Amino acid sequence: RHGDGSHVPSDLTPEECQELENIRRRKQELLADIQGVMLLTSESLPSCMHR
């Protein structure tokens, strides 16, 4: 298994390759969203705790 997730099985159809690419792109978008939420949470929690 490749750590970067770029390995593509050789028996996929072009449609399956496209779908895999879409899934990987969406995964990166979700990871970025999660990081943003975590950053906002870490910034807002200290102010909530000092009320």
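We did not get these values from a lab; they are worked out from the coordinates using the rules stated. Note that the coordinates shown come from a computational prediction; the quantities given were computed from them, not determined experimentally. As a convention, Cβ positions derive from the backbone with ideal geometry for all residues, glycine included, and neighbour counts pool all protein chains shown.
If I stretch the segment between Ala32 and Ser10 completely, what's the gain in nm (0.36 nm per residue apart, minus their alpha carbon distance), one decimal?
Computed gain between Ala32 and Ser10 is 5.0 nm.
Sorting the segments 32-38, 19-25 by their residues' average number of neighbouring beta-carbon atoms within 10 angstrom, most packed first, yields 19-25, 32-38.
Between Thr41 and Glu21, the distance separating the two model label sites (each 7 Å from Cα on the Cα→Cβ line) works out to 3.3 nm.
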